Every structure is written in C-alpha cells, then in structure tokens.
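K.L.:
Let me begin by handing over the structure; questions about it come next.
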Amino acid sequence: MRHTFYELFQLGYNATDLLKWYVPIDDVEQYAAYLANNSDNMSDLNDNFICNCSHPSIFGHYCEYQLYQGETISEAIERQFRHRQTNMFGSQMHERRSCYTMLDTCDSGLLCLDWRQICDGEQNCIY
C-alpha cells in the first residue's frame, strides 16, 4: 500500500510508525525531516511516498524485495553466518541465498554475489 507524505501527515503517522512497516531508513529520515520542517513549508515533498510493506520478509522502497520462505532479515543474516562457519570454502554452494544478479557492469561468472561482496572494497568481477 502506497501513501504520500501528506496523507501520512494527515493521518497522524510519525517516523516510529514507519519503522514498524519495514520502511527503509532513508525514507523514514526523509519523512521525519518533512514533519520537523512543518509540512506546510515542505509542500514540494507532499507527493513523496512511503510503501507499507508490513511483513518482516518484505522490504525496500517499493516493497520489491522478499526473503525466502517468509524469514526475517535477522534470520537470513544469522543463517548465512552459520553456514559460513560450518562451510568456509563452500559458501557459494548453499541453497536459499539472496544474490545480486542485476549488476550490469560486473560479470561475476558463476559466482553468486551477496550482500557481503557489495561495496566491500574488493574486486569480485571477471573482466
């Protein structure tokens, strides 16, 4: 469900309410600034919107990401770390893993790039 900043303001929602919807922190901060600067003075942001994901396994600005089998973000992270501890050299060989496949500028071959390889300062692409 999509709500504009103005609608949220009219309904009396605050930034803490949005965190319960699993809204990205950047969006929550922008809405908090909208509220702090008195929404009347920020009319150019009235049409900015927030999506109510309201499910622990769905997240993103447009609720476009979903974790496997309804697990929460913390459960997914714990699962990945547990697997890495028991299988250091085969960390690419487990099922149910979120992979970044839409990196147009990076050919990673058969390697599955996950959240640990993005912006870690190491080159993981094959050129």
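K.L.:
Along the charge dipole of segment 2-66, Cβ charges K/R +1 and D/E -1, which of His55, Leu19, Leu8 sits furthest on the positive end?
P.N.:
Result: His55, furthest along the dipole toward the positive end.
K.L.:
OK, next. Just need the relative contact order of segment 2-66 here, percent rounded to a whole number, with Cα pairs under 8 Å and 6+ apart.
P.N.:
Relative contact order for segment 2-66 comes out at 43 percent.
K.L.:
Extending each Cα 7 Å along its Cβ direction at Asn37 and Ile73, get the distance between those two points in nm, one decimal.
P.N.:
2.5
K.L.:
Among 48-58, 4-14, how do they line up by average Cβ neighbours within 10 Å per residue, starting with the highest?
P.N.:
Output ranking for 48-58, 4-14: 48-58, 4-14.
K.L.:
Could you please report the charge total around Tyr13, scoring K, R as +1 and D, E as -1 over all other residues with beta-carbon less than 12 angstrom from its beta-carbon?
P.N.:
With Lys, Arg at +1 and Asp, Glu at -1, the neighbours total -1.
K.L.:
On to the next question. Report the label-to-label distance for Glu7 and Ile25 in nanometres (one decimal), using points 7 Å from each Cα along the Cα→Cβ vector.
P.N.:
Going by the 7 Å Cα→Cβ label model, 2.7 nm.
K.L.:
Using a/c under 1.5 as the rounded threshold, could you call segment 2-66 rounded, prolate or oblate? The axes a ≥ b ≥ c are square roots of the C-alpha gyration tensor eigenvalues, and prolate needs a/b larger than b/c, oblate otherwise.
P.N.:
It comes out prolate by the Cα gyration axes.
K.L.:
Below 15 angstrom from the Cβ of Glu64, what's the summed charge of the other residues (Lys, Arg +1; Asp, Glu -1)?
P.N.:
My count for the surroundings of Glu64 gives -1.
K.L.:
Where in segment 1-80 are there trypsin sites (Lys or Arg not before Pro) that are in a DSSP coil and have at most 14 other Cβ atoms within 10 angstrom of their Cβ?
P.N.:
Filter output for segment 1-80: Lys20.
Read the figures in this text as sums done on the coordinates, not as results from a lab. On a predicted model such as this, the values are computed, not experimentally measured, just so you know. All Cβ positions, even for glycine, are placed from backbone atoms using ideal geometry, and neighbour counts span all protein chains on display.
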